[in-house]
């Protein structure tokens, strides 16, 4: 036994090289990565040309990244890895509002607004009244809950994707529930849009016969002292991409009602209650 | 059954999205990648912070790449993936010369030289006579075999790593065997060196308690009409890093003798015969 690399003993050869000077968690993670990565290479019988193509793909993905573009997050999202990491780290009791992906367009520090205010600053799109309650699993109202919301505009772009073309903080705002645990604000009925698909990930989707669209959704981060943070969306129930979200963000419990109003402060109304669970101790 | 993403059904949810418009091989590869990648994420229970760190690692790896630097090849090499792909695609009969990694410093088009010539152009290092035969599994001599060789210099750098500081084609050359199937040339006894470790891969090695060194080796590509191409090294048998090559390139059959000469055209002599196998039809 020389410890040299062999096809059969490839995993052991690599993992035996990590020493007692390793960071224990990094060592655990990388040992498992080597095990699963080698199993993949063996099962797929990757050729030298395919390996070359993978090196080029990863290099291009890194080089297209900028302050406005994160191709590796798109890659993780489109392979279901982002949703899987979210799921593993946010298992909750039945009945609690489920998480979904944060997405790359969240910006911390949106303006605080009063209940009933509008977050649409460009006047475009179909107005929609969003309202509901923040409650716990027993239905108790949660006062002082913070609701941070954001959506795309009527053209399918977030404000940060169009600096100078949209008002800053367009379709974003923060609200805090009062003693009734209720929230209410006016935004627009969000629209579906493609994830950026002019780079390596877009090429990959084409090779897989997949489209790049996300179904229309409203983003929420809901927090309250003593409760687990909820990072989620509500989806527009009749969206054509609901069953084929490019990033796998849809969960059945997050599909919301959007009903047309004939009278009232907006053209649409989307009611949704957020159900929080106690912080894990 | 909605087809929406769940933790348990994560692989099926992603792979079901590939359509009949997919490239069949890309679909096969990516389906297997999703299966093994999700298994890794689940077994390692990757946290959100660890996922963030992975995104940063991959992005930095892409952004450090240049015409002289390929961090993803280093990553593949140091995780044993390059050697595994090579092994899968170059299984040979017992007794045939084994492959090992090509490495990032090969340059096609080295000067043709006559048998006995020296390839060391800077006069540095300990001279070494490399000689042997190119034969088949039955011991028959192979005439007209091409031997493309390259090594680092006495300081552990390849010529392409020090443009302007080393003569072009220093320690590189191509030779063709005559009717005796023999080769002979003078180079230097190669020295061990670290792979570039000032980037993300170097950081990873530190976190794993691993050093970045490769044991001293001479690179060869041996080809002959009708025979499988051999991409390999011969290693200096007493190198301190022989059992811990950072890229796992060492195979027992590739460890060569380096004997000191008291008399002759060089300070050292390293004999090695290359045994080729017939091209697969």
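Some notes on this structure:
- Sorted from nearest, the other copies put their residue B:56 label points 3.2 nm away, the label point being 7 Å from Cα in the direction of Cβ.
- For chain A, built as a Gaussian network whose Cα springs stay under 10 Å, the top-fluctuating residue of A:152, A:198, A:122: A:198
- Selected from A:88, A:64, A:29 as most flexible by GNM, with chain A as the system and alpha-carbon contacts under 10 Å: A:29
- Taking each residue as 0.36 nm, the span from residue B:68 to residue B:273 lengthens on full extension beyond its C-alpha to C-alpha distance by 70.6 nm.
- Rounded, prolate or oblate (a/c below 1.5 giving rounded, otherwise prolate when a/b exceeds b/c) for the stretch B:197-281 by Cα gyration tensor: oblate
- Across the copies of the chain, residue B:261 has label points (7 Å from Cα along Cα→Cβ) spaced 9.3 nm apart, shortest distance listed first.
- Taking every C-alpha pair closer than 8 Å and separated by at least 6 residues, the mean separation divided by the residue count of chain B gives a relative contact order of 21 percent.
- Per-peptide average of other Cβ atoms within 10 Å, ordering A:268-274, B:113-119 highest first: A:268-274, B:113-119
- Distance between the stretch B:185-218 and the stretch B:26-88 - C-alpha centres, whole angstrom: 20 Å
- Mean ellipticity per residue at 222 nm, deg cm²/dmol - from DSSP H runs of n ≥ 4 across the protein assembly as shown, formula -39500 (n - 2.57): -7500 deg cm²/dmol
- Rough spin-label spacing in nm, given labels placed 7 Å along Cα→Cβ, for residue A:281 and residue A:108: 2.8 nm
- On the basis of the beta-carbon distance and an R0 of 30 Å, residue B:53 and residue A:203 show a calculated FRET efficiency of 0.70.
- Cα-based shape type of the stretch A:1-45, given that a ≥ b ≥ c are square roots of the gyration tensor eigenvalues and the cut on a/c is 1.5: oblate
- Averaged over peptide B:46-56, the number of partner chain Cβ atoms lying within 10 Å of each residue's Cβ comes to 5.
- Exercise: per-residue mean of other protein chain Cβ atoms within 10 Å, B:240-251: 3
- Where a label projected 7 Å from the Cα of residue B:238 along Cα→Cβ would reach, residues of the stretch B:118-137 with amide N under 17 Å: B:126-129
- Chain A, rotation onto B, residue closest to that axis via Cβ, with its distance in Å: A:62, 0
- Residue A:117 paired with residue A:25, simple spin-label distance in nm, labels 7 Å along Cα-to-beta-carbon: 3.7 nm
- Label-point spacing for residue A:19 across the identical copies (point 7 Å from Cα in the Cβ direction), in nm and ascending order: 5.4.
- Counting Cβ atoms of other protein chains within 10 Å of each residue's Cβ and taking the mean over peptide B:70-79 gives 4.
- Between the stretch B:242-260 and the stretch A:108-169, the alpha-carbon center distance in angstrom: 63 Å
- Two-site label geometry, residue B:43 and residue A:154: point separation in nm, points 7 Å out along Cα→Cβ: 5.3 nm
- Extended-chain gain in nm, criterion 0.36 nm per residue less alpha-carbon gap, residue A:8 and residue A:93: 26.3 nm
Bear in mind these aren't lab numbers, they're just calculated from the coordinates by the rules spelled out. In this text the structure is predicted, and so the values were computed from the model without any measurement. Every residue, glycine among them, receives a Cβ derived from its backbone with ideal geometry; neighbour counts consider all protein chains shown.
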